[in-house]
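So the structure is just underneath, and the comments pick up after that.
The values are calculated or read from the model by the stated rules, or taken from the named source; none is laboratory data. Not measured: the values here are computed from a predicted model. Note that each Cβ is placed from the backbone with ideal geometry, even for glycine, and that neighbours are counted across all protein chains shown.
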4 protein chains.
Amino acid sequence: MQSTSSPVRITASEGENQPERTPELAALYRGFESELLIPLWTEIGDLMPSAPRSKALPHLWRWERLLPMAERAGELVPVGRGGERRAIALANPGLGGRPFATPTLWAAIQYLNPGEDAPVHRHTQNAFRFVVEGEGVWTVVNGDPVAMRRGDFLPQAGWNWHGHHNITDHPMAWIDGLDIPFQYFTDSTFFEFGPDEVETREAPERSRSERLWAHPGLRPLTHLEPAPATPLLAYRWEHTDRALAEQLALEAEGYHATIEPGHAAVRFTNPTTGGDIMPTMRTEFHRLAPDTATAPVREVGSSVYQVFDGTGEVTVADVSWQVSRGDLFVVPSWQPLTVTTDRGLDLFRFSDTPIAERLHLHRTHTPEDNR
Amino acid sequence: MQSTSSPVRITASEGENQPERTPELAALYRGFESELLIPLWTEIGDLMPSAPRSKALPHLWRWERLLPMAERAGELVPVGRGGERRAIALANPGLGGRPFATPTLWAAIQYLNPGEDAPVHRHTQNAFRFVVEGEGVWTVVNGDPVAMRRGDFLPQAGWNWHGHHNITDHPMAWIDGLDIPFQYFTDSTFFEFGPDEVETREAPERSRSERLWAHPGLRPLTHLEPAPATPLLAYRWEHTDRALAEQLALEAEGYHATIEPGHAAVRFTNPTTGGDIMPTMRTEFHRLAPDTATAPVREVGSSVYQVFDGTGEVTVADVSWQVSRGDLFVVPSWQPLTVTTDRGLDLFRFSDTPIAERLHLHRTHTPEDNR
Amino acid sequence: MQSTSSPVRITASEGENQPERTPELAALYRGFESELLIPLWTEIGDLMPSAPRSKALPHLWRWERLLPMAERAGELVPVGRGGERRAIALANPGLGGRPFATPTLWAAIQYLNPGEDAPVHRHTQNAFRFVVEGEGVWTVVNGDPVAMRRGDFLPQAGWNWHGHHNITDHPMAWIDGLDIPFQYFTDSTFFEFGPDEVETREAPERSRSERLWAHPGLRPLTHLEPAPATPLLAYRWEHTDRALAEQLALEAEGYHATIEPGHAAVRFTNPTTGGDIMPTMRTEFHRLAPDTATAPVREVGSSVYQVFDGTGEVTVADVSWQVSRGDLFVVPSWQPLTVTTDRGLDLFRFSDTPIAERLHLHRTHTPEDNR
Amino acid sequence: MQSTSSPVRITASEGENQPERTPELAALYRGFESELLIPLWTEIGDLMPSAPRSKALPHLWRWERLLPMAERAGELVPVGRGGERRAIALANPGLGGRPFATPTLWAAIQYLNPGEDAPVHRHTQNAFRFVVEGEGVWTVVNGDPVAMRRGDFLPQAGWNWHGHHNITDHPMAWIDGLDIPFQYFTDSTFFEFGPDEVETREAPERSRSERLWAHPGLRPLTHLEPAPATPLLAYRWEHTDRALAEQLALEAEGYHATIEPGHAAVRFTNPTTGGDIMPTMRTEFHRLAPDTATAPVREVGSSVYQVFDGTGEVTVADVSWQVSRGDLFVVPSWQPLTVTTDRGLDLFRFSDTPIAERLHLHRTHTPEDNR
């Protein structure tokens, strides 16, 4: 059963700003509890802090420890209808042992053995895949087979049918990002099963979506309405890499092209609107040139980063990590983030920022704001 | 301290769709736990149901029991800096004993004694007040004093300074609605203290915001940009009542003016956009003529209703209540709602629907959808 | 007949910036003419001036001369199918003898005798009526009868069926504003005939559109989509007058409510969007307190003003007029406008500004821009 | 001089729907004329037709006759400050001998000799260049040099500084499209002179704008606001050609990718919005496979087409032409257009459709609408 009635307990001690706990007040509080009522004055410190105090903690998951777990799951756990995916999620240590990387975001490693199919389904959760290494799996979205290769970003918005199959003789792992916690919390999730196997074994280099949409600034006249999520199912590494390299080259030539010295960045966008690829998630790629240090930034909303290449040091609030390829880390809302690198660093990022932006709750704070 | 590290525990029994719990699998699960990982396949049933299964429960709070609690708090609990407001919140019995009416919405009764001031503050939480009975308090928003009287709806969007003061010799109670749980969950809340007393003791019939904005279809040339939230600080009962009466009169004359037979309804809107009064909350007023029964409706997102006048029977999923003036009830996401009345019923409603709509997660289901 | 082939003639003299008119060049120009070609270099001075130089001239039409013309037309010219309306248009003296008040706007006085019907039709042209004096005509829009009285503004967007009938025993005159020249120039006009008489002889105080829509900030749940033009068919003088009076009162109390000292102004808006009442026309009402002088303003786009009440002096570029009730004047694009009044002045204004705004061509210039 | 007062003359004969021309009516009409008034009833047939009847005529300009004119101008007419451009405009034979291809659009051939500079200026008119053959000119937009080559589309929105220079030893011609007639008519044009020579002699393969923006679906984080016009200054033929070829290939594979059988089409879009490249002009490229015939289409608004490659037969209303490379033709508003081809045809198109769309005046009519 999904819900059970839970008792209300008013725990306020006789602390700061609290009325004295007289017998009369204690009786009133017992009355509140029996009527399912809770006063604001005992809760306001937790509920309405002066700035966001996320329960989520900054945390790092090492790729070198994550990948063997996925490989072992590949040996022990079949993939099929019911479990649906061999996906293993990051559980933020501040979020009560739930499979939530942040309060709103799910991040998992998914693993598919040679010849396996992850069965077709659809759900309202928005999803994407990002490939830090390997290739050989095609994700089939509404019947369109999309190759997955290192560096590719593969968005797949809510309520599209999709399954995956591995056509090679080696396993493949990648990262899934979804808004599962957000939709779980807001009670907006729907789910439907499709066929147990993907509709097509075709394995083309380029999906049909790319053939229609991956031409810069060009839009097919068959699709002229703004779409809530991107119709382009693959953003290839070749393009991302070139865009970032050009920004650093333009900076070196003296033009404004980077967001700060040595820091190139692109956002993956919906070509029908120029906005985020999905209503609830933002995805970006950041490249730091060697010997770059970013200025600290705070932002409302939470992010998950994966190191795509290079090495560096990441500091979130008062925690620091040395990071390298495949490592994943979480930046909770309003925690300051700084990244430094000697030899250069490529970072994939996803965040829930569109939620805050669309609801006029977004704020950001950079050192410039202090001037 | 706000966050503490919590253990991960994989609780999946050897049930449906689960791999057999071999010693190897048990070891793998222990490895997951130590690495802060949780598989999808043990959690998918809870996380990704075929339709929303809210933990929130349908529940009714009786005004006749709520008001005496507030009156007693008026005797025992001072209002002032720190506790900020003498507000007592509805705690949904499915939500773990937290002061959340629904997963996203806060609903509370607030009570102010003669001569009292609720101190000035501002917060990112969007808020409103609705008055089911009484008068005599002025809420002062950014220095503009706004009278509160029976039937009035008083929106007050995030980050505006506001305080309340009671200028009469009798206490007054009203309902506060806020998006506290949503902002708490998404870590987007900011809060600042203002003066301990409201800036002005003026008590005009009409606020300055009404004098500028409450003219149908007319906009002052001093304010031409779309505002994220309504600049109109009071929607008076006189207008709401007349709009509803006109809809029923037009229906009686044979014109399309009601959403179903005998069911008139208006939405409170932002005159600068025609959209909802705030980015996260929708507010409406519904009037059922005598001998009216509404068709069942399901909607993604949660609502809180307050009975303004009349009597009727409300059914949410498999729970039914006889309701009368002041009663408050909760409709969780996707639970079907039906209302019937013999003698007529006036209902104030607030919901989190703009969140789902702006994020393309909204769905609704009415009997027509089955045809 | 719609089109005839016209000869091309290159008229450039041997003037400034022109190449010398050698025999070879003359031969080339004759070649251009025979091939239907015209060079930029002979035309650029006219086509691409440093700032707009409208062919339209500032001009004033006196109500005391306009109204008798309309009355005489009421005696001599029947109203009926074919001619459609007894409307007499202002012909700007700079616009080639065409019935265009400005390059984009039509302004006419319409006159209806007791008992007459102006037959039902619809057209893509956006239209409105404004009543400077009199009453007794109902305009019937899609079957909804709308009373017309002094001070009322009655929008009626393109492609709605409409006719007028005079139910009294006295004639009535009013002003029609349309975007006829704009749609004529851009070839976007469609037109259809309806019945010869209006559908209903009902003459209610308030139209059904007002009963549904004229409640400040309230929207019927039957109509939730943004509409391209306002669904409210009458903006009553009582509301306009009060809104303007409140702005001047608030200014007197020390608050920011007027656009400059003594100058109150409201815009008529579409309650479904907060924007202009129609896609091509903006309508406003301005009230100048006694002893007020406005700062000069230039704006891209053209306007027509009608004096509703009071007296004053209007200056457009280097032309000045003393104006009083009913007088109409034209302000061409980018011509500076100044108005002064000793005894107070009420002005109705309509303009084509939404065209420039929606196409990112709008500019304005006020004395502040020079600082 | 910009404006002169013109006499008003009411020319209505005693025709259909006209009142009998009695002496009294004649006197009234003389009164109208002296007061600068014109009745609707004498003009309505011309002003308010049942469907658009453009004064513009369908017309074809042959490239083989146009280009020699431009070459001869290259010999006789210098390019420089004052005349600004060696551009020769199409003068629609229905538009009174003015240099207007359609009521709203300017289309010209521009010609630049080896080593010449077209001086820097900026204007509110939106502009673009399209290259049907040749190369060697760089257009410098706000200091960014943009190569021009066969098949390239080069947008350049209003109020950006720009000049052109030819770095080769051969002349180059191309097509300019602007909204000069529209801005002339609506009195919204501003113009400023810049330097006599372009700011840079650099001649890179790719402009800086392409290096920042021509990556499919990727957006630099330095530019996150929607821009009213495209920041991408060159849409290269290589991409356009591939997009069209892919559509025809997908169609051959059985997928929906063309707008009708054998008819591929892309729209050039603003990557910051997904909409048209400029507020007033739409630009598209159409490819007809061999043995294709398009269904007749009518649309509100006017278009200019240039044949980029191939041959075919074009029919506009009751006029037909055999067309080949470089030919330009005009389709007035609401005139039906059909194109057929045996050997295949590539067409560049520009139109004023965004004007009608943004002002809710757009309509289209295809054979499907008759079903």
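For this structure, a couple of remarks:
- All of (1) within 14 Å of chain C (Cβ to nearest Cβ); (2) farther than 23 Å from C:Ile355 by Cα hold for D:Arg211 with one exception: (1).
- Residue count for the stretch A:230-266 satisfying the condition of being in contact with a helix residue (DSSP H, G or I) (Cβ under 8 Å, 6 or more places away or on another chain), more than 7 Å from every other protein chain (Cβ to nearest Cβ) and among the aromatic types (Phe, Trp, Tyr): 0.
- Among the residues making up the stretch A:330-352, those that are buried (at least 24 other Cβ atoms within 10 Å of the Cβ) and either within 14 Å of chain B (Cβ to nearest Cβ) or modelled with pLDDT under 95 (or both) are A:Val330, A:Val331, A:Pro332, A:Ser333, A:Gln335, A:Ser351, A:Asp352.
- From A:Leu244, A:Leu212, A:Leu248, A:Leu178, residue being under 24 Å from D:Gly275 (Cβ atoms) and among the aliphatic types (A, V, I, L, M): A:Leu212
- Filtered residues of the stretch A:221-238 (kept if touching a strand residue (DSSP E or B) at 6+ places or on another chain (Cβ under 6 Å) and either surrounded by 23 or more Cβ atoms within 10 Å (Cβ to Cβ) or of a type in the set (Asp, Glu) (or both)): A:Thr230, A:Leu233, A:Ala234, A:Tyr235
- Scanning the stretch D:214-223 for residues that are of a type outside the set (S, T, N, Q) and within 7 Å of another protein chain (Cβ to nearest Cβ) yields D:Ala214, D:His215, D:Pro216, D:Gly217, D:Leu218, D:Arg219, D:Pro220, D:Leu221.
- Out of A:Pro93, A:Pro99, A:Pro103, sole residue that is assigned to a loop (DSSP other than H, G, I, E, B), at the interface with chain B (Cβ under 7 Å from one of its Cβ atoms) and within 25 Å of A:Glu192 (Cβ to Cβ): A:Pro99
- Any hit, the stretch D:162-172, residues being in contact with a helix residue (DSSP H, G or I) (Cβ under 9 Å, 6 or more places away or on another chain) and in a loop (DSSP other than H, G, I, E, B): yes
- In the stretch A:141-197, the residues that are within 15 Å of A:Trp106 (Cα to Cα), of a type in the set (Val, Ile, Thr) and touching a strand residue (DSSP E or B) at 6+ places or on another chain (Cβ under 6 Å): A:Ile175, A:Ile180
- The residues listed here are B:Thr104, B:Thr139; of these, the one that is crowded, with 22+ Cβ neighbours inside 10 Å and closer than 27 Å to B:Leu57 by Cα is B:Thr104.
- Qualifying residue in the stretch A:358-365 (condition: crowded, with 21+ Cβ neighbours inside 10 Å and at positive phi): no
- Residues of the stretch A:73-90 that turn out to be touching a helix residue (DSSP H, G or I) at 6+ places or on another chain (Cβ under 7 Å), more than 7 Å from chain B (Cβ to nearest Cβ) and not basic (Lys, Arg), as a count: 0
- Qualifying positions in the stretch C:239-266 - touching a residue at least 40 places away in the same chain (Cβ under 8 Å), more than 18 Å from C:Asp291 (Cα to Cα) and surrounded by fewer than 21 Cβ atoms within 10 Å (Cβ to Cβ): C:Asp241
- Any hit, the stretch C:234-242, residues being in a loop (DSSP other than H, G, I, E, B), at pLDDT 95 or above and not charged (D, E, K, R): yes
- Criterion: outside any strand (DSSP E or B) and surrounded by fewer than 21 Cβ atoms within 10 Å (Cβ to Cβ) - qualifying residue of D:Glu64, D:Glu84: D:Glu64
- When every residue of the stretch D:124-136 is checked against the conditions, none turns out to be polar (S, T, N, Q), in a strand (DSSP E or B) and not assigned by TED's automatic domain parsing to the domain that holds D:Arg349.
- Boolean, C:Glu197 is acidic (Asp, Glu), over 26 Å from C:Thr353 (Cβ atoms), surrounded by fewer than 23 Cβ atoms within 10 Å (Cβ to Cβ) and facing another protein chain (nearest Cβ under 9 Å): no
- Restricting attention to the stretch A:272-287, the residues that are touching a helix residue (DSSP H, G or I) at 6+ places or on another chain (Cβ under 6 Å) and at the interface with chain D (Cβ under 7 Å from one of its Cβ atoms) total 0.
- Condition check for C:Thr189: buried (at least 24 other Cβ atoms within 10 Å of the Cβ) and either in contact with a Phe, Trp or Tyr (Cβ under 8 Å, 6 or more places away or on another chain) or closer than 29 Å to D:Pro39 by Cα (or both): yes
- Yes/no for A:Gly96 being within 21 Å of the chain's Cα centre (by Cα), at positive phi and outside the structural domain of A:Ile355 (by TED's automatic domain parsing): yes
- Of the set (1) outside any helix (DSSP H, G or I); (2) surrounded by 21 or more Cβ atoms within 10 Å (Cβ to Cβ), all apply to D:Gln183 but (1).
- In the stretch B:220-237, the residues that are in contact (Cβ under 8 Å) with a residue 12 or more places away in the chain and of a type outside the set (Phe, Trp, Tyr): B:His223, B:Glu225, B:Pro226, B:Ala227, B:Pro228, B:Ala229, B:Thr230, B:Pro231, B:Leu232, B:Leu233, B:Ala234, B:Arg236
- Single unsatisfied condition, B:Ala317 versus (1) aliphatic (A, V, I, L, M); (2) surrounded by 22 or more Cβ atoms within 10 Å (Cβ to Cβ); (3) under 20 Å from A:Ser188 (Cα atoms): (2)
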